Protein chains: 2
Amino acid sequence: MLGSLVQKNDTKILLVVLDGVGGLPVNGQTELEKANTPNLDRLTKVSATGLHIPVDYGITPGSGPGHLGIFGYDPLEYSIGRGILEALGLGLEVKDTDIAIRGNYATVRYEDGKAVVVDRRAGRIPTQENERITAKIQEAVKEIDGVKVIIKAGMEHRTAILLRFPEPLAPGSDEINDTDPQKVGSQPLQAKGENPEAQKVAQVVNKFVERVAEVLKDEPKANYLLLRGFSRKPDIPTMEEAFGLKACCVAVYPMYKGLASLVGMELIEFEGSSLKDEIEALKKVWNSYDFFFMHVKKTDSYGEDGNYEGKVSVIEEFDRFLPELLELKPDVVAITGDHSTPSVLKGHSWHPVPLLIHSPYVLGNTSDRFTERECLKGEIGIIPAKKIMNLLLANSLRLSKFGA
Amino acid sequence: MLGSLVQKNDTKILLVVLDGVGGLPVNGQTELEKANTPNLDRLTKVSATGLHIPVDYGITPGSGPGHLGIFGYDPLEYSIGRGILEALGLGLEVKDTDIAIRGNYATVRYEDGKAVVVDRRAGRIPTQENERITAKIQEAVKEIDGVKVIIKAGMEHRTAILLRFPEPLAPGSDEINDTDPQKVGSQPLQAKGENPEAQKVAQVVNKFVERVAEVLKDEPKANYLLLRGFSRKPDIPTMEEAFGLKACCVAVYPMYKGLASLVGMELIEFEGSSLKDEIEALKKVWNSYDFFFMHVKKTDSYGEDGNYEGKVSVIEEFDRFLPELLELKPDVVAITGDHSTPSVLKGHSWHPVPLLIHSPYVLGNTSDRFTERECLKGEIGIIPAKKIMNLLLANSLRLSKFGA
C-alpha cells in the first residue's frame, strides 16, 4: 500500500540499530535501565517512543528476519535462506544466478567405497586449517559443467559455497534437501531436487561433492563436505523501489552489510570498526543519500556472551557519541534494535524492542528514558517491526494522503 | 507458523481461567479493583501484564470462541457449532461420527394432521419434567436406520441429541437448516440437507422427529421437539499436535471439560467442586503433564446474575488459594479470563480481559494490581487472545529461533 503514497523530498532519515539492545532485568534493572545515558535520555523526552515486535508475539528472530522487519519488509513474506545468510556473513556478494549453500567439513570413513559419516564437524578443525583446505578446494574445483564454484572459509568447520550459474535461475530451483544426514554412522544423502529445475541444480551439487571428496581424500579429519540450506537470493524490492529512498549502510560486520545490500542499500566502505569510525563514515557521505542505516554490533555480542556489564558499557559508549550523530541534523532519527538479546538469556529473544523516533512531528514528553519500561508509555505503542518504515516515511513527510 | 518452531522440554505451564473475570466499574471500581487480593497483587508486580481481546474489537464471545482463543486457536478459523456446545455442556462425549443437535421441547397442535407450533418452549417445562420425557424418548427411540440416538435432558425445555452414524461423516454433512420455524402459528420445518451427504443425514433427522412426535403425542405441553444448530465435532489439531504440549484440564462444569477435550486435553476426574478440590486435583497429576488448564466458573456465574459483590468474593477466594497454586512451582503461570462478564451488563461482554504471565523472563514492575486499568500499563499490551499461547511457549523456552 505504501508504494502509491510514496513521494520524494530532500529529507534525511537516520536509522540506528543497536543490535539486540532489548534486555531483561538483573537485580531489577535491564541493561538499558542500568546504563548512564544522559544524551539518550534527553533525546527520548522529545521523541515518540514505543516498542516493536520483530516477527510476531513470542517469536525469537534470527538476524535476517530481525533486520528485514525494521527495513520495512514483512519477514514472513521474505525469507532469507541459511545458505544466503552464511554467504553474506562471510562477505560474499550474492548474485541472482547463485545458489548459496552452507557447508560443514566432516569426517567420513569408506565402507565398500561408500562414505559413512564419523564426525559431522570434522572435530571442529581450527579456522586456519579450514582456510588451507578451502583454498585447496577452490584451486582444484573452479567450475562444474559451466557453473562457477566460489567457496569461502568460515569459522572452524564452516564454509559458504556459491554455485554461480550462467543463466537466471527459476523460482524453486533451490528446493534441494540437505546432504547432511544429521546422524553419525549414516551415509551422506544425495542432493535431490523437488522439481525439474532443482534437479538440474542437484546434479551439479552431487558432482561438486564428489570432486571435493576426491580433493580431500587424504585429509586426516576434514575429508568430506556436508551441505545445508540451499537457497537463492530472495526477490525483494529495493528500498528505492519500495520507499523511494536512496539508502546506504554503515556497518562493520559482513552479515549486516549483506542484509542491507539485499534491499539495495549501498555499502559505505571505511577504515576501522569503532563507533567513531562509523560516524566519520556517515559524515563523509551525508550529502549523498536519503536514508542511513547505521549498525552497532557489540550490544548483541555482549548479550550473547551473557556479559551484562559489557552490554551496559556499549550502550553508554553509544550515548557519548549520540551528540555527534545529532549534529548531522537528520530530519528523522530512529533508534532501536533488530531484536532483544537479554544477557540473562545469552541469546536472541522474543521480547519487544524499545524504539525511539525523533522528528519535528511527534508528541514527545511521554517517556523519561530509552528503556523497555519507559518506552511502554510512549505514543507509538507496541507495533510490528515492519510498520516502523511507515512512521519514518510519515515523519519525513514522504507519504502523501491516502484517499480523497 | 508456530508448528515448525515448537520444541519440547520439561517445563510446566499453568493457565488459570477465571471465567468472565473482566468487569466494569460500580461506584468507580470494577470487581477486580474492589476485591482485596494481596497475593494476586504480589504476583502481578513481578509478572508481565496486559489485556487480551478474545475475538475482535467490540465482539462479545460465547464460551466456545472465548476458550479456543486462549488455548491458542483462532476462534474465527475454528468454530464450534451450537449442537456440539450443547452436547458438551451436558457432559456428552462427542465422537467424529456424531451429528450434534440442540433440541427444544415445544407445544404443537395438529391441523389436518399437520403440526402447528403453539409454544416454542413448551411453557418452559420444569427440568424434572424434561428429564422424565427425555428418558421416555431415549427408551423408545434407540436407533434409526442403523444410526444410534443419544438424547440428554438439559435445563427446562432444552436437550442435546447426538446422532451417531456407523461411518465417518463427510465435511458439510451437518449443513442442515433448523427445524424451529421461529414463529408461533407456523409448521415446524422439514430438515433439508445443503448437499447430498447432508441430505442423507436430514432423512434420519426427519424420521427421528416423527418418532419423537409419536412418543410425545399424549403429553399435555411438551408434545414436540424442535431442532437447531446441527453440527459436527470441529476438526481441530490437538495441543500436542499444534504446540507439542501434553495438556490436561481441571474443571467442574461439563462445557469447559468438553471444550478442553476438543483440543485434546485429558480431563482430570476428581471429587467435589470447590477451588480447593480443583487445586488438590492439580497437585495429584502435576508430574504427568506439561500444560494445566484450571477453570474457575463462579466469577462468570455471579457476573451473569449481576451480583457484583458475589463476583468480588469469588476473586477474593481465588486470591486466598493462589499461594497453594504457586507452591507447585510452575515455570510459567498465566492468569486471565475467557472474556469479560461485567455485573452491570449481566452477561458476557467485548471488553479486553486482564492477563498476567509470570516466568523468569519478564520485565515486571509495571502494574501494581491485576485489574483492567493496571494491566493497561504492562509489557504485553493489548493482544489477540490467540497470541497468548505464543507467549506461554516463548516464556517456557519451547520455541526455537525463526530464521537464521
>> Considering the Cα positions of segment A:265-342, please state its Rg to one decimal place and its Dmax as a whole number of Å.
In response: 13.4, 39
> Under the definition of Cα pairs under 8 Å and six or more residues apart, what whole-number percent is the relative contact order of segment A:199-318?
Replying inline: 19
> Under 13 Å from a point 7 Å along the Cα-to-Cβ line of residue A:116: which residues of segment A:174-198 have their amide N that close?
Replying inline: A:184-188
> Is segment A:1-97 rounded, prolate or oblate when judged by the Cα gyration tensor, a ≥ b ≥ c being the square roots of its eigenvalues, rounded requiring a/c under 1.5 and prolate requiring a/b larger than b/c?
Replying inline: oblate
>> Run the reach check for residue A:136 against lysines, Cα to Cα strictly under 25 Å, same-chain hits fewer than 8 apart removed. What comes back?
In response: A:95, A:114, A:148, A:152, A:207, A:217, A:221
> Where does segment B:246-404 land on Rg/Rh, using Cα atoms and the Kirkwood Rh?
Replying inline: 0.95
> Measuring from centroid to centroid over Cα atoms, what is the spacing of segment B:32-74 and segment A:1-63 in Å?
Replying inline: 28
> With +1 on each Lys and Arg Cβ and -1 on each Asp and Glu Cβ, how big is the dipole of chain B about its Cα centre, in debye rounded to the nearest 20?
Replying inline: 200
>> For segment A:64-211, I need the span (max minus min coordinate) of the C-alpha atoms along each principal axis, in Å, sorted largest to smallest.
In response: 51, 34, 30
>> Please compute the average number of Cβ atoms from other chains found within 10 Å of each residue's Cβ in peptide A:344-357.
In response: 2
> What are the extents of the Cα atoms of segment B:345-404 along their three principal axes, listed from largest to smallest and rounded to whole Å?
Replying inline: 48, 25, 16
>> Quick one: the Cα spread of chain A along its three principal axes, in angstroms, biggest first?
In response: 74, 52, 39
> Once both labels are modelled 7 Å past Cα along the beta-carbon direction, what's the residue B:45-residue B:203 spacing in nm?
Replying inline: 7.0
>> If you take every DSSP beta bridge fully contained in chain A, what fraction is antiparallel? Give it as a percent rounded to 5.
In response: 65
> Of A:242, A:382, A:356, whose Cα points farthest to the positive end of the dipole of the protein assembly as shown (charges on the beta-carbon: +1 Lys, Arg; -1 Asp, Glu; origin at the Cα centre)?
Replying inline: A:242
> Near the amide H of residue B:46, under 5 Å away, which other amide H atoms are found, from residues 5 or more places off or on another chain, if H is placed in the peptide plane?
Replying inline: B:365
> Using the alpha-carbon centroid of each, what span in Å lies between segment A:318-366 and segment A:193-272?
Replying inline: 30
> Can you give me the relative contact order of segment B:84-231 as a percent, contacts being Cα pairs under 8 Å and 6 or more apart?
Replying inline: 31
> When the helices in chain A are scored as -39500 (n - 2.57) per DSSP H run of 4 or longer and the sum is shared across all residues, what 222 nm value do you end up with, to the nearest 500 deg cm²/dmol?
Replying inline: -9000 deg cm²/dmol
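Compute the convex hull volume of the Cα atoms of segment B:146-265, divide it by the residue count, and report the result per residue in Å³ as a whole number. Present the calculation step by step, with values, prior to reporting the outcome.
On the way: hull volume 16.6 nm³, N = 120.
Residue-normalised Cα hull volume stands at 138 Å³.
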> Computed FRET efficiency, Cβ-Cβ of residue A:138 and residue A:167, R0 30 Å: what is it to the nearest 0.05?
Replying inline: 0.85
>> Once the cut-off is 35 Å, how many percent of the Cα-Cα pairs in the protein assembly as shown end up in the long-distance tail?
In response: 59
>> For the rotation taking A to B, I'd like to know which residue in chain A has the C-beta closest to the axis, plus that distance in Å.
In response: A:381, 4
> Using θ = phi - 60° and the Karplus curve 6.51 cos²θ - 1.76 cosθ + 1.60, what whole-Hz ³J(HN,Hα) does each residue of segment A:339-352 get, with Gly and Pro shown as x?
Replying inline: 5, 9, 9, x, 4, 5, 9, 6, x, 4, 9, 8, 5, x
>> For Cα pairs less than 8 Å apart in space and 6+ apart in sequence, what is the mean separation divided by the residue count of chain B, i.e. the relative contact order in percent?
In response: 34
>> Quick check on my link table: of A:12/A:387; A:34/A:387; A:298/B:386, which ones sit more than 26 Å apart, alpha carbon to alpha carbon?
In response: A:34/A:387; A:298/B:386
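A short reminder: the numbers here are calculations on the coordinates, not readings from a lab. Not measured: the values here are computed from a predicted model. So basically every Cβ, Gly included, is an ideal-geometry build from the backbone, and we count neighbours across all protein chains shown.
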